[in-house]
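Inspection log for the structure reproduced underneath, given as structure tokens.
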Amino acid sequence: MYNNKTIEDFQAIGRQEPIISRGEIYNNKCNINASSIWTKLIQEAGRWCRDFASDLLCDYIQIQKKMDAATLETESHLFGFREYGVDHDNFIFSRYSNQTVYGSAALEYRAIWRLDIAVEEVESTSQMRSVTLSLYEVHR
């Protein structure tokens, strides 16, 4: 049986520079432009997915709702691109832990990207939190 994977098992590939977006949450409003991050993920879905590339929108909607409600917290998300869709973290973990069913998950995924969301209190005010989104490709 294969070991269960966690988000920390998926680390950045080599010397690549992450795509970073910075902003803040202030007065219950999130001010961050994540378009460069979403553009890259849309490009990857178009590049690697023959069908069901729109699966990416499920994760986008969940994250965007948190941004709209200013409820973002520090967390990480995985986006696994394969021929027939875009998988989120739990499905990726499932594929890796059930390799006897799926074959080699590392070979099935054409690319896996990780989005780290870091939310930190700003020392000078308790009303503001800084937000950093970092997107990078990880080892499969």
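Answer yes or no as to whether LYS65 is exposed (fewer than 13 other Cβ atoms within 10 Å of the Cβ) and in contact (Cβ under 8 Å) with a residue 40 or more places away in the chain.
Criteria not met by LYS65.
Within the stretch 71-82, is there a residue that is touching a residue at least 60 places away in the same chain (Cβ under 8 Å), among the aliphatic types (A, V, I, L, M), touching a His at 6+ places or on another chain (Cβ under 8 Å) and buried (at least 18 other Cβ atoms within 10 Å of the Cβ)?
Yes, some residue in the stretch 71-82 is touching a residue at least 60 places away in the same chain (Cβ under 8 Å), among the aliphatic types (A, V, I, L, M), touching a His at 6+ places or on another chain (Cβ under 8 Å) and buried (at least 18 other Cβ atoms within 10 Å of the Cβ).
Return the residues of the stretch 29-45 that are polar (S, T, N, Q) and either crowded, with 17+ Cβ neighbours inside 10 Å or under 20 Å from ARG110 (Cβ atoms) (or both); say none if nothing qualifies. Before you say what the answer is, go through the steps one by one.
Filtering the stretch 29-45 for residues polar (S, T, N, Q) gives 31, 33, 35-36, 39, 43.
Selection gives THR39, GLN43.
Would you confirm whether any residue within the stretch 7-28 is in contact with a helix residue (DSSP H, G or I) (Cβ under 7 Å, 6 or more places away or on another chain), farther than 17 Å from ARG110 by Cα, part of a loop (DSSP other than H, G, I, E, B) and modelled with pLDDT of 95 or more?
No.
With ASP89, ASP116 as the choices, which residue is in contact with a His (Cβ under 9 Å, 6 or more places away or on another chain), surrounded by 14 or more Cβ atoms within 10 Å (Cβ to Cβ) and modelled with pLDDT under 95? Give the derivation first.
Values: ASP116 fails: modelled with pLDDT under 95.
Checking each option against the conditions leaves just ASP89.
Considering only residues that are of a type outside the set (A, V, I, L, M, F, W, C) and in contact (Cβ under 8 Å) with a residue 24 or more places away in the chain, which ones fall in the stretch 102-119? First the steps, then the outcome.
Taking the stretch 102-119 as the starting set, the residues that turn out to be of a type outside the set (A, V, I, L, M, F, W, C) are 102-104, 108-110, 114, 116.
Scanning the stretch 102-119 gives GLU108, TYR109, ARG110, ARG114, ASP116.
The values are calculated or read from the model by the stated rules, or taken from the named source; none is laboratory data. Remember, it's a predicted structure, so these values are computed and weren't measured experimentally. Positions of Cβ are backbone-derived with ideal geometry, glycine not excepted, and every protein chain shown enters the neighbour counts.
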